[in-house]
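For reference, the structure discussed in these notes is given below.
Derivation of every value follows stated rules applied to the coordinates shown; laboratory data play no part. Remember, it's a predicted structure, so these values are computed and weren't measured experimentally. A quick note on method: Cβ atoms are made from the backbone with ideal geometry, for glycine too, and the neighbour counts reach across all protein chains shown.
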Amino acid sequence: MEALKTAPPAGQLTPQMEIEIAGVRFQNPVWTASGTFGYGKEFAHLIDLNKLGAICVKGISPEPMEGNPPPRIYETDSGMLNAIGLQNVGAKRFLTEKLPFLRTLKARTVVNVFAYSTEDYVRCIEILNEGEGIAAYELNISCPNTRCGGMVYGSDPKLTEEVVAAAKKAARYPLFVKLSPNVTDIAEFARVAEAAGADALSLVNTFVGMAIDVESRAPRISNITAGLSGPGIKPVAVRMVYQAARAVKIPIIGIGGIAGTDDALEFIIAGARAVQVGTANFYDPATSMRIVDGLSDYCRRKRLQFADLVGSLKTG
C-alpha cells in the first residue's frame, strides 16, 4: 500500500528539483549514464524508472554491433575497466524495439550516438530523427575516426569541431556532446564544442587504462586497453567539470564516479546542472534513487532551491 504523502511542515522549503537544458525540462537532475543502464527496461524490475530525470541509453550506431570478445570487464581498486566494444542493436532496431517502452516513462530519453566517421554520425542521427519521444542526443566523440588514421574525435580540436557541427546540422533534437577526459586541456575542447553548436556538454567519459594478470602475463581485457570508470576517477572528473563550466556558457552534465549524494553535490557545486550515475548501477541499481531523495533533502536542510547550488563553489 502506497504511503500517504504529507505536506512539509509550515515554513519549510519545498525544493524545486526540475531543471531545463536546451529547452527540455527534466523532472530532476539525476540521470543514468550511457553504457551502464542498457536501454532502461533491463532495470525496470529493480527500481522505479519514473523517478529518474533521464535515462541515457547505451551508445547507438547506424548498424548493429556485436562488441568485443570477452573478457571485457575487470574490477579495479575503486573502479572498473570495460571494453564492451559499444555493442548495440543499431539505430533502426532501437526505434522499433526499445524506444516504445522508453516513451511510456516520466524519465526523459537521451540517446547516446557514436560512429567511426562523420558521415556515419550524421546517418545515425538522421535515422533516429524519425523516432518520437527522444529528448536529446548525446554525441560520444571518444571514438576513432577510421578515415583519419584512427585519430580519436575527442582528442583533436578540428575533428571535434567537424563532427559536432555536422551532427548539430542534422539533429532534430538538442545535441549534448560527451567529452573525452583523455586530453591536455578540457576547457579548450569545451569551447570548441560550444562554438560548433553543442547545446550542452556531458563530461567526463572514461579514462584509458589497462590491467595485467601477472601470473599469465596477459591483459585482463581482451582489447588490452579499456575505459576506466568509478570512484577512483571522481576527483579528476570534478576538476574537469569545474574548468569546463568556467569556459563555456552552455549547461554541463557531470559524470565520473558518482556513488552517493555527496558525490553528486560536488559536481553540481563545481558547475554541473545535472549528473549521471554510471558504474554504481552495476553493483547498486538503487543508487540514483537515493541521490534523487538526497539532493532534495540537502536543499531542504540548507533552505536552498536546486538552481542555487549549481556552480556555487566558494573559493574566496
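Numbers below:
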| item | result |
| --- | --- |
| Unsatisfied cross-links (Cα-Cα over 31 Å) in the set K41/K249; K106/K168; K51/K168 | K41/K249 |
| D213 paired with E20, simple spin-label distance in nm, labels 7 Å along Cα-to-beta-carbon | 5.4 |
| Estimated [θ] at 222 nm from DSSP helical runs (n ≥ 4, -39500 (n - 2.57)) normalised by residues in the chain, nearest 500 | -8000 deg cm²/dmol |
| Gain upon complete extension [D284, E130; 0.36 nm per residue less C-alpha separation] | 52.0 nm |
| Contour excess over end-to-end distance, with Cα ends at R303 and K51 and 0.36 nm allotted per residue | 88.5 nm |
| For S296, S142, S202, S34, order by how many other beta-carbon atoms lie within 10 Å, fewest first | S296, S142, S34, S202 |
| FRET efficiency, L13 to A187 (Cβ-Cβ, R0 30 Å, nearest 0.05) | 0.30 |
| Cα centroid of the stretch 178-226 to Cα centroid of the stretch 234-286, whole Å | 15 |
